[in-house]
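The values are calculated or read from the model by the stated rules, or taken from the named source; none is laboratory data. The shown structure was predicted, so the numbers you read here are calculated from the model rather than taken from an experiment. Cβ atoms come from the backbone with ideal geometry, glycine included; neighbour counts cover every protein chain shown.
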Amino acid sequence: MGLVVSKLLDRLWGKKEMRILMVGLDAAGKTTILYKLKLGEIVTTIPTIGFNVETVEYKNIQFTVWDVGGQDKIRPLWRHYFQNTQGIIFVVDSNDRDRIVEAREELQRMLNEDELRDALLLVFANKQDLPNAMSIAEITQQLGLQSLTRRAWYIQSTCATTGDGLYEGLEWLAETLRKTGRD
């Protein structure tokens, strides 16, 4: 009986957990974002071959963030991380106009996967500090986000190196998780 009460209290007031899959094309800034959130500082990164996983706590939610490499040869492996994913953070290099169509194709391919049908989608439009960065409106249009009528999604302007926008994105995930009861 004590275990039942304990679990109920944890559910009501304890930490909630959320499994997040962070993906995007190579060099979009995924690993920099992960460690800026985890450590609050910029770390020197190399291209991710495989994955990094860290726990980030925010507003009584424990986000387990899986940062998976984005090189084209690694992308077919993303599907191995889909199971039990509650939220997707798709990171886009806002300055990389040459590969925005490729980013859209990868995002659409992933969103068509049955295992991800209920996952929330947060798009981090990263590198907004660069002078040639695409606007949020342009990225929304280029990625076809407005056509996602059956999925909760949000796009957030970010700069991984300064941390701008990162916590606003987590705030959206936390609030949407609470509203939809997907915990």
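Within region 143-164, being within 14 Å of the chain's Cα centre (by Cα), part of a loop (DSSP other than H, G, I, E, B) and under 18 Å from Asn132 (Cα atoms) holds for Thr158, Ala160. Only residues that are over 18 Å from the mean Cα position of the chain (by Cα) and either of a type in the set (D, E, K, R) or within 22 Å of Glu171 (Cα to Cα) (or both) were counted across region 115-142, and they come to 4.
Among the residues of region 11-40, count how many are at pLDDT below 90, in a helix (DSSP H, G or I) and within 30 Å of His80 (Cβ to Cβ). Of the residues in that region, 1 qualify.
Rundown of residues vs (1) surrounded by 13 or more Cβ atoms within 10 Å (Cβ to Cβ); (2) at pLDDT 95 or above; (3) of a type in the set (A, V, I, L, M, F, W, C), yes/no style:
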site	(1), (2), (3)
Asn126	yes, yes, no
Ala133	yes, yes, yes
Cys159	yes, yes, yes
Gly163	yes, yes, no
Arg178	yes, no, no
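Residues in region 92-142 that are in contact with a Lys or Arg (Cβ under 9 Å, 6 or more places away or on another chain) and assigned to a loop (DSSP other than H, G, I, E, B): Ser94, Asn95, Asp96, Glu113, Arg117, Asp118, Ala119, Asn132, Ala133, Met134.
Checking the condition buried (at least 17 other Cβ atoms within 10 Å of the Cβ), at negative phi and out of contact with any Pro (no Cβ under 7 Å at 6 or more places or on another chain), which residue from Gly29, Gly87 passes? Don't jump to the end; show me each part of the working.
Details: Gly29 fails: at negative phi.
That would be Gly87, the only listed residue that is buried (at least 17 other Cβ atoms within 10 Å of the Cβ), at negative phi and out of contact with any Pro (no Cβ under 7 Å at 6 or more places or on another chain).
Among the residues making up region 142-167, those that are farther than 24 Å from Thr44 by Cα and not β-branched (Val, Ile, Thr) are Gln142, Leu143, Gly144, Leu145, Gln146, Ser147, Leu148, Arg150, Arg151, Ala152, Trp153, Tyr154.
Looking at region 93-101, can you tell me whether even one residue there is in contact (Cβ under 8 Å) with a residue 40 or more places away in the chain and either loosely packed, with under 12 Cβ neighbours inside 10 Å or under 19 Å from Thr176 (Cβ atoms) (or both)? I'd like the intermediate steps shown before the answer.
Residues of region 93-101 that are in contact (Cβ under 8 Å) with a residue 40 or more places away in the chain, as a first pass: 93-94, 96, 99-101.
In the following step, the residues that additionally are either loosely packed, with under 12 Cβ neighbours inside 10 Å or under 19 Å from Thr176 (Cβ atoms) (or both) were identified as 101.
Within region 93-101, one or more residues are in contact (Cβ under 8 Å) with a residue 40 or more places away in the chain and either loosely packed, with under 12 Cβ neighbours inside 10 Å or under 19 Å from Thr176 (Cβ atoms) (or both).
Per the conditions (1) over 14 Å from Lys30 (Cβ atoms); (2) out of contact with any Phe, Trp or Tyr (no Cβ under 9 Å at 6 or more places or on another chain); (3) not aliphatic (A, V, I, L, M), the sole criterion not satisfied by Asn126 is (1).
Within region 19-34, take every residue that is among the aliphatic types (A, V, I, L, M) and more than 10 Å from the chain's Cα centre (by Cα) and give me the one that is farthest from Leu116 (Cα to Cα). It would help to see each step written out before you state the result.
If we filter region 19-34 for residues that are among the aliphatic types (A, V, I, L, M), which is where we start, we get 20-23, 25, 27-28, 33-34.
Applying the additional criterion that residues be more than 10 Å from the chain's Cα centre (by Cα) yields 25, 27-28.
Values: Leu25: 18, Ala27: 24, Ala28: 22 Å.
Among them, the one singled out is Ala27.
Of all the residues in region 41-91, those that are touching a residue at least 24 places away in the same chain (Cβ under 8 Å), assigned to a strand (DSSP E or B) and polar (S, T, N, Q) number 2.
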